[in-house]
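The values are calculated or read from the model by the stated rules, or taken from the named source; none is laboratory data. Just so you know, these numbers come straight off a predicted model, no measurement behind them. Cβ coordinates were reconstructed from backbone atoms using ideal geometry, including for glycine residues, and neighbour counts include every protein chain displayed. Note: accessible area is taken over every heavy atom of the protein model, side chains too, but ligands, DNA and RNA are not part of it. Shrake-Rupley method; radii C 1.70, N 1.55, O 1.52, S 1.80 Å.
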Amino acid sequence: TIEGRERYSINVRYARELRDDIDKIKRVLVPTMTGAQIPLGLLADIHITYGPAMIRNENGMLAGYVFVDIAGRDIGSYVNEAKKAAKEIALPSGYSLNWSGQYEYMQRIKARLLVSVPLTLFIIFTLYFFTFKSLAETAIVMLSVPFALIGGIWYLFLLGYNMSIAVWVGLIALAGVAAETGSIMIVYLDEAYARRKRQGLMHTMADLSAAVMEGAAQRLRPKLMTVGANILGLLPVMLSTGTGADVMKRIAAPLIGGLTSSTILTLVVLPAIYTIWKYHTELKNETVEERI
């Protein structure tokens, strides 16, 4: 209805017995200004048709949205399967099919992560290279990253978490913490090796093993304290149930699982790799020169 500059929409709702069938709707009488009653079927074409629930405008083109709720699986694999099925649909001329919503956001973040993750690892590698002045020692420190990622991914699998932006944030944070703990291990090993070498106690493989055992043993307590403090600090997050808890759990889960595996592998594997490297690069050559 028009009242001056004001516009008001009018909705007419017939009784259920007059609208539960198309034929009944067609027989609904519409009064005219002369008093005549005309069936609605003579004034309009009434039929049932199927179409989108709502038509919107997107980039100057009419767009119809189909909303899909996904539970129990990740969005990426679902959309990939849906794309394969959609290829069999023959779209009329002028029509196109696009995937939006959270999947679109995920693709944008994925493109950013393809840059940020390698850049983060490169920055960590560069900082430790300037610290140790050794490419081999820096590579040994960086081995802590895959050691930690093993535990982080396994813990995500046990919890049933899919890969998401929050999970990637947790994995990036885990890489930094793992490299930090690995670097401290190398520092302790270098100090023990240099001290015994100054004392003239570095001649055989047994001497090298003793130095590595000494350095690794000194690193045991700081490593356990660091990991224990981090895990205990993240446990309240894993036990929380409030608003935003789901996101925070997916950030904390990789850290808890990764620090656990990093503790075991760093204390066991890194000293062994360090021993092999030192023996073949320094001790073995010095032993040969002494024999000559």
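Computed extension gain for Leu91 through Ile25, at 0.36 nm per residue and net of the alpha carbon distance, reaches 20.3 nm. For the peptides 195-206, 141-152, the ranking by mean Cβ contacts within 10 Å, running from highest to lowest, is 141-152, 195-206.
Across Ala90, Ala15, Ala179, mean-square fluctuation computed from a Gaussian network of the chain (C-alpha pairs under 10 Å connected) peaks at Ala15.
Amide H to amide H, with H built 1.01 Å from N, Ala63 comes under 5 Å of Arg56, Asn57, Glu58, counting only residues 5 or more places away or on other chains.
Please find the FRET efficiency linking Val269 to Asp69, where r is the Cβ-Cβ separation and R0 is fixed at 30 Å, and quote it to the nearest 0.05. It comes to 0.10. Take each peptide in 249-259, 217-227, count the other Cβ atoms within 10 Å of every residue, and average; sorted highest first, the result is 249-259, 217-227.
Using the 1.4 Å probe convention, the accessible area of the chain works out to 68 Å² per residue with neighbouring protein chains retained. Computed over protein heavy atoms with a 1.4 angstrom probe, the accessible surface ordering of Asp23, Asp45, Asp190, largest first, is Asp45, Asp23, Asp190. Per atom type, the chain shows carbon and sulfur on 63% of its accessible surface, probed at 1.4 Å. Charge dipole of the chain (Cα centre as origin; +1 on each Lys and Arg Cβ, -1 on each Asp and Glu Cβ, all else neutral): 180 debye, rounded to the nearest 20. Mind listing P(r) for the stretch 42-177? All alpha-carbon pairs, 5 Å bins, whole percents. P(r) for the stretch 42-177, in whole percents per bin: 2, 7, 12, 13, 13, 11, 9, 8, 7, 6, 4, 3, 2, 1, 1, 1, 0, 0, 0. Extension gain for Asn11 to Leu113 (0.36 nm times residue separation, less C-alpha to C-alpha distance): 31.6 nm. Mind checking which helices in the chain clear 18 Å along their axis (Cα) and have mean Kyte-Doolittle hydropathy of 0.5 or more, DSSP H runs only? Sorted by number, the helices that extend far enough and score high enough are 102-132, 144-159, 165-198, 205-239, 245-278.
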